[in-house]
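Accompanying notes for the structure given below.
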Amino acid sequence: MDLSKKYNPKAVEEKWQEKWKKMKIYRFDKNNTKKKIYSIDTPPPTVSGNIHMGHAFSYSHTDFIARYQRMRGKNVFYPFGFDDNGLPTEKYVEKKRKIKGHNMDRQAFIKICLEECEDAEKLFTGLWTRIGLSVDWNLKYSSIDQRAQKTCQKAFVDLYDMGRSYIKEAPSIWCPGCRTTLAQVELEDKEFDSYFNDIIFELENGEKIVIATTRPELLPACVAVIVHPDNEKTKYLINKKVKVPLFNNTVKVIADKRVDPDKGSGIVMCCTFGDQTDMEWWKAYNLELKTAITPAGKMTELAGKYKDMKIEEARKAIIDDLKKEGLLIKQKPIKHTVNVHDRCGKPIEFLVKKQWFYKLLDRKKEFLEQGNKINWYPKFMKVRFDNWIKGLQWDWSVSRQRFYGIPIPVWYCKECGKEFLPKTDELPVDPTKDKAPVKKCTGCGCNEFIGDKDVFDTWSCSSLTPQINAWWIDETGNKNICKKIYPFSLRPQAHDIITFWAFNTVVQSLYHNKSIPWENIMISGHALDQNSQKMSKSKGNVVEPQEVLDKFSADALRFWAAGTKLGDDLPYLEKDLKTGLKFANKIWNASKFSIMHLEDYNFKAKDIKLFPADHWILNKMNETIKNTTDSFEKYAYSKAKKLTEYFFLVDVCDNYLEIVKDRLYNPQNYDQQSRLAAQYTLYQIILNSLKMSAPITPYVTEETYQLYFAKAEKIESIHISPWPEELKKVDKKQADIGELAIKIVAAIRKFKSDNRMALNEKLSEIIIQAPKELHNELKTIEPDIKGAVKSEKLILRKAEHKIEGTDILFSIKT
């Protein structure tokens, strides 16, 4: 055992990554019936670019819990997946390869996407391994692999059979930039500079009225003018005809209470479609459908001379023409909040398209009830879940007009359009390549079919991660695993995808499993840059984990990631990484010092008489074990880290090691069991400090454990050793006396330091003034006090320096 070597994080990390793999200590044992299973529904990172510190931050949180639960004796089911299908991956590949999917052969594009995903997964796997994620890589999956495709398609077929998936030609949220339908959850608000444009419309009798709009480019799609039925100023217009400026078609004036009579002139135009209210009016009054914007975000033939102009170009040209015709009487600058696609940031449109939907709106109450059955950490995050459900206005649009993704498993009769779906045992299928599941249409007898070209949105697959991981569709002989691990013990995720991932997973689990998907959900915050701004590639403020690992270490990164309570955001500050490095070095050096004194420790010794200082530190250890365990059970990993860090750095290193050194080096100055008592205590506090630190800093704790404790404990890795339990041997009364010794020694050492005396400078005597009832206690701790402060004598009489928090005073003589 070489105790002279310095700690080398890079070498240690490389060594233990390989050893842990060979030891298979993270392997889930599906045949073990004795251990309780702790199952984790791990979030699959999207293959859409490099991993940044935000990923490292939140995935470390999951690993803290996995390592803790494994040490608690659980059979931990900790899979890992890659979300590598759908729009995010397409956009990543298009940007990297400088190609466009809609401009090339579909199968050729899919082949390129698969190649890029394979390369990215190898890179990501290496990085996650280096960070120290204790996942079982044998449980790896991809959201585009056969199991995921089969699961997603089965879910669709089952919902179709239940009557909960349907196809409908209806107004859909559309992204002109990505040229696909979107779900409500894929939108975010973005503020733009805009104008309220007061435009003149003319009645048939020549009377002029004013309507304000931010979107004059939708004038060619105007199908009605609407006023409030009780507005005295405008209700005379009801049922009259109005001419649309520049385009000269006439539309009818309709009354509806959804018009705000106090906004603008109290008169609005209904276009197909500017917003959700336009859609409601269009449906309620059976209005004409006029499409002014193409799927590519350009003006249609309906726009006349503005045809083929981009939306922004048409807006400017129409405003210019309105000015020329004297039809624009005022423009008011405003800040306008617009729904944009969260992926590309472009404003969305509403186009009528034939799309597949999953029904949501009729079961909102049940979704809220399911949310109540789940334990939320932190609790306040559930408000976002509840508010999302209460604000839902759309069923879930799951079809996407893209190329790389899981195909929608439907064929349509060429003659009558009747839908045909495959049986479960025929999955997975690709209707663009495979034959229809029937030879003839049961409706009209036609024998020609058209396969659906659309794919599922990525969230309709990601929301099935519990079913994918639990082998809901058994194709590998894993029967009954689903029953053992479902519902999962934990879903870890970030707060920004509560509406995306958490909600949709609850929906899928209710529909397919009639249960909640997980018992607990742990919501992380975001990693921020040093200016407390969210890390973003577009802002250029992203910090990549590879750089941090090279400069500091995996343990330092994880130490930083544990630096804030669950749900809170955390800035990336290098000083915190440096603190993590110092902590790892302190563990290494203080443990080596202790192990040096444990080489002759007699494990078989019984009836060891502990000193009061030993009782004190062991009592502190018991308190830390209890509080750290309680914290981990509540997913409060940051509190657990702080408790362990304080115990080790302050109680152990600053106080106990200083008071016990003399006993270890000079046992002849004490009674016969003094060194043995110190050794017993050192063994307990160092081993348990390592164990409590192991979930946060796995590398340095493993390397230190192997110096001595692996052989002593006969357990090959600290990460499968039992979690610490409180010792029953501690005497609380003796611990209080020991605390007195700690305070006296600390006060004298501080006095030496303040007076520029060397801490090891010898003293001829210490004078202690204390109440008589403490004299006996002082006698029992006299040897430790004298040894720690290098004093020949301890005398009880009047003294001058007060010891904070006590009724004791002291003086010293050199």
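The values are calculated or read from the model by the stated rules, or taken from the named source; none is laboratory data. Keep in mind the model is a prediction, meaning the values are calculated, not measured. With ideal geometry, Cβ positions are generated from the backbone for all residues, glycine too; neighbour counts draw on all protein chains shown. The accessibility values were calculated without ligands, DNA or RNA, using every heavy atom of the protein model including side chains. Shrake-Rupley method; radii C 1.70, N 1.55, O 1.52, S 1.80 Å.
Things to note:
- Region 769-801, residues that are within 56 Å of the chain's Cα centre (by Cα), buried (at least 16 other Cβ atoms within 10 Å of the Cβ) and assigned to a strand (DSSP E or B): Ser791
- Flag for Lys575 being charged (D, E, K, R), under 30 Å from Thr499 (Cα atoms) and surrounded by fewer than 16 Cβ atoms within 10 Å (Cβ to Cβ): no
- So Leu690, is it among the aliphatic types (A, V, I, L, M), out of contact with any Leu (no Cβ under 6 Å at 6 or more places or on another chain) and at pLDDT below 95: no
- Hey, Asn760 part of a loop (DSSP other than H, G, I, E, B), open to solvent by 10 Å² or more (accessible area, probe 1.4 Å) and either free of Cβ contacts under 8 Å to residues at least 24 places away in the same chain or closer than 23 Å to Val650 by Cα (or both) or not: yes
- Filter result (open to solvent by less than 20 Å² (accessible area, probe 1.4 Å), out of contact with any His (no Cβ under 8 Å at 6 or more places or on another chain) and part of a strand (DSSP E or B)) within region 172-206: Ser172, Ile173, Trp174, Thr180, Thr181, Asn197, Ile199, Phe201, Leu203
Listed here are the residues, each with its yes/no results for (1) modelled with pLDDT under 90; (2) within 17 Å of Asp671 (Cβ to Cβ).
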residue: Thr780; (1), (2): no, yes
residue: Ser791; (1), (2): no, no
residue: Lys802; (1), (2): yes, no
residue: Gly805; (1), (2): yes, no
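- Note on region 270-290: residues that are closer than 20 Å to Val338 by Cα and touching a helix residue (DSSP H, G or I) at 6+ places or on another chain (Cβ under 8 Å) amount to 5.
- One residue alone among Asn372, Asn339 is of a type in the set (S, T, N, Q) and without any contact (Cβ under 8 Å) to a residue 24 or more places away in the chain, and that residue is Asn372.
- Against the conditions (1) more than 21 Å from Ile199 (Cβ to Cβ); (2) surrounded by fewer than 17 Cβ atoms within 10 Å (Cβ to Cβ), Gly326 satisfies every one except (1).
- Qualifying residue in region 125-140 (condition: modelled with pLDDT under 85 and touching a helix residue (DSSP H, G or I) at 6+ places or on another chain (Cβ under 6 Å)): no
- Taking the conditions (1) open to solvent by 10 Å² or more (accessible area, probe 1.4 Å); (2) under 27 Å from the mean Cα position of the chain (by Cα); (3) at pLDDT below 95; (4) on the phi < 0 side of the Ramachandran plot in turn, Gly345 satisfies each one other than (4).
- The residue of region 494-507 that is surrounded by the fewest Cβ atoms within 10 Å (Cβ to Cβ), among those that are polar (S, T, N, Q) and modelled with pLDDT of 95 or more, is Asn504.
Conditions (1) touching a residue at least 40 places away in the same chain (Cβ under 8 Å); (2) open to solvent by less than 80 Å² (accessible area, probe 1.4 Å); (3) among the hydrophobic types (A, V, I, L, M, F, W, C); (4) farther than 30 Å from Leu87 by Cβ, marked per residue:
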{"site": "Ser4", "(1), (2), (3), (4)": "no, no, no, yes"}
{"site": "Thr33", "(1), (2), (3), (4)": "no, no, no, yes"}
{"site": "Ser48", "(1), (2), (3), (4)": "yes, yes, no, no"}
{"site": "Ala56", "(1), (2), (3), (4)": "yes, yes, yes, no"}
{"site": "Tyr59", "(1), (2), (3), (4)": "yes, yes, no, no"}
{"site": "Arg72", "(1), (2), (3), (4)": "yes, no, no, yes"}
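- For region 252-271, the tally of residues that are touching a strand residue (DSSP E or B) at 6+ places or on another chain (Cβ under 6 Å), more than 20 Å from Phe196 (Cβ to Cβ) and either open to solvent by less than 10 Å² (accessible area, probe 1.4 Å) or outside any strand (DSSP E or B) (or both) stands at 2.
- Qualifying positions in region 586-628 - among the β-branched types (Val, Ile, Thr) and either in contact with a Gly (Cβ under 7 Å, 6 or more places away or on another chain) or buried (at least 18 other Cβ atoms within 10 Å of the Cβ) (or both): Ile587, Ile595, Ile617, Thr624, Ile625, Thr628
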